[in-house]
Amino acid sequence: MKAGQTITCGRLFVVAALAALACLAAPVPTASAHAGLESSDPAAGSSVSSSPQAIVLTFGEDPDPNRSLVRILDEHGRTVPGVSPVGAVPGKPLELQVTLSSTLGTGVYSVNWRSVSATDGHVDSGAFAFGVGVTPAPGSVRTVDLLYTSPWTSTMSAVGRWLLYAGLALFVGAAATCLLTLGGRVPAGGGLLLSVAAAMAIVGLCAMLSAELALVGAPSLLPLFETPEGKYLLALGVALAVCACAVACVDLWPARWSLLFLGAAAAAAMLVHVLAGHADASSSWRVVNVAVQWVHMTGIGVWVGGLAWLLLGIRGMTNTDRAAAVGAFSRVATVTLGVVLATGVARGIVEVGSLGNLFDTTYGITLLVKVGLVAVLVALGALNHFRAVPALGRGAAGRSFTLNSRGELVVAAAVLATTAVLSGLAP
């Protein structure tokens with residue numbers, strides 16, 4: 001490998017390292033997420049005249065009864081005996097119940113619960129009090145850790161998602177830029193960049209698996225793969241294995257067919273990941289939501305991942321060839337940017353629900369951060385499109401375009417980090 005090529009790959013690796021640091025510096029969600037408690041019977045803070053035969057919990061999203069936990073404590077913090085394992089309520093997928101084989105005496109009782117979403121594997125937990133013959137006083141709830149998880153678990157999950165996004169974006173960008181901008185040519189150093197992308201995606205998947213094992217309390221991978229989220233992670237592993245095969249094909253036989261194979265494999269892996277997220281939640285618009293989210297993520301890969309490949313590909317080109325390649329990419333990026341913004345707005349409206357939620361919820365505030373970063377990214381792209389690209393066409397040096405593009409990559413890394421955080425928050 002030539003010295004110039006080594007420097008190029010080294011700089012791209014630095015961009016990836018900076019992006020990882022941006023992800024680590026981003027706000028990280030707690031373990032709680034979608035399957036939040038909506039109501040209960042007995043209700044929180046209520047008083048019942050006699051001992052209930054069962055405790056019924058209703059959630060906002062289908063819970064997984066095999067991974068959810070409930071424990072009842074008396075007013076002294078002792079575990080109430082005779083409580084059954086968590087079970088589903090027939091015909092009511094949003095409800096879980098535990099039955100009591102013994103009668104509760106007069107007093108205040110605390111219900112500690114921990115739910116695992118059957119849709120995306122996210123975890124929520126909480127506690128509430130009710131009274132038998134008495135009304136619970138404020139502060140009478142007794143809590144207990146049903147399943148301990150390290151504070152770093154959610155951090156590991158967010159970092160894993162970022163690495164996965166970055167790796168898949170580089171795969172999609174390789175196919176798009178090499179085919180549409182570089183005439184089907186894989187630039188020098190492309191094999192190394194693809195290897196780095198594959199390593200990022202695989203390490204990301206391993207981090208996600210490790211975090212999910214802890215969050216759902218599975219003792220090993222086999223029980224995890226019996227859960228809906230575990231099945232998606234297994235499918236994602238298969239998809240990444242196909243991507244790795246595609247990377248090997250591009251490395252051994254750099255041609256249009258191998259690049260198409262890589263792009264298709266990466267797009268399929270993105271679809272698998274989308275099916276495990278917010279977009280696949282139960283809704284009459286479920287298919288549309290999945291399609292929009294998939295197009296959004298794939299478009300980011302064409303735009304952001306493709307920019308990294310463009311910078312690699314124009315190294316050593318003549319001014320004329322560089323101007324032609326940059327001009328071609330600029331046209332592709334302009335169309336892709338419109339698609340990304342349109343699909344992003346559509347998904348944001350669905351997830352946030354109302355203008356008030358944009359400012360009053362953690363999800364909404366994090367989305368605003370992402371919107372701000374995207375605005376910076378669009379501004380840098382516009383600067384390139386309207387100033388740097390025309391200057392290249394007039395034979396000017398490409399230093400300004402290169403510096404602006406590197407800035408775009410750094411900001412794009414922060415955007416992907418925010419996206420990783422959003423994926424772990426409840427809409």
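The values are calculated or read from the model by the stated rules, or taken from the named source; none is laboratory data. Just so you know, these numbers come straight off a predicted model, no measurement behind them. Here Cβ is always computed from backbone atoms with ideal geometry, including for glycine, and neighbour counts include all displayed protein chains.
The figures follow:
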| read-out | value |
| --- | --- |
| Selection status of A188, in the same structural domain as L307 (by TED's automatic domain parsing) and crowded, with 24+ Cβ neighbours inside 10 Å | no |
| Qualifying residue in the stretch 147-162 (condition: of a type in the set (D, E, K, R), under 22 Å from S84 (Cβ atoms) and buried (at least 18 other Cβ atoms within 10 Å of the Cβ)) | no |
| Test: residue in the stretch 352-363 that is part of a helix (DSSP H, G or I), buried (at least 16 other Cβ atoms within 10 Å of the Cβ) and of a type in the set (V, I, T) | yes |
| Restricting the stretch 44-92 to residues that are surrounded by 15 or more Cβ atoms within 10 Å (Cβ to Cβ) and among the basic types (K, R), the residue that is nearest to S140 (Cα to Cα) | R71 |
| Filter pass, V326 being within 13 Å of V340 (Cβ to Cβ), in contact (Cβ under 8 Å) with a residue 40 or more places away in the chain and not polar (S, T, N, Q) | no |
| Tally, over the stretch 101-120, of residues that are more than 39 Å from the chain's Cα centre (by Cα), under 15 Å from P81 (Cβ atoms) and not small (G, A, S) | 2 |
| Only listed residue being touching a residue at least 24 places away in the same chain (Cβ under 8 Å), among the hydroxyl-bearing types (S, T, Y) and in contact with a helix residue (DSSP H, G or I) (Cβ under 7 Å, 6 or more places away or on another chain), chosen from T153, T135 | T153 |
| Neighbours by Cβ (under 6 Å, 6+ apart or cross-chain): first from the stretch 393-406, within 14 Å of N319 (Cβ to Cβ); second modelled with pLDDT of 80 or more | G393/A323; G395/N319; G398/R322 |
| Any chance A241 is in contact (Cβ under 8 Å) with a residue 24 or more places away in the chain, out of contact with any Cys (no Cβ under 7 Å at 6 or more places or on another chain) and in a helix (DSSP H, G or I) | no |
| Only one of S400, S330 that is surrounded by 14 or more Cβ atoms within 10 Å (Cβ to Cβ), modelled with pLDDT under 85, over 24 Å from W162 (Cα atoms) and of a type in the set (S, T, Y) | S400 |
| Flag for S195 being of a type in the set (S, T, Y) and over 19 Å from the mean Cα position of the chain (by Cα) | yes |
| Residues of the stretch 333-351 satisfying the condition of being under 22 Å from T402 (Cα atoms) and surrounded by 15 or more Cβ atoms within 10 Å (Cβ to Cβ) | A333, T336, L337 |
| Hits in the stretch 259-290 - residues which are of a type in the set (A, V, I, L, M), modelled with pLDDT under 80 and assigned to a helix (DSSP H, G or I) | A279 |
| Test: residue in the stretch 244-253 that is loosely packed, with under 14 Cβ neighbours inside 10 Å, without any contact (Cβ under 8 Å) to a residue 12 or more places away in the chain and in the same structural domain as L179 (by TED's automatic domain parsing) | yes |
| Tally of residues being over 28 Å from A248 (Cα atoms), in a helix (DSSP H, G or I) and among the hydroxyl-bearing types (S, T, Y) across the stretch 199-236 | 0 |
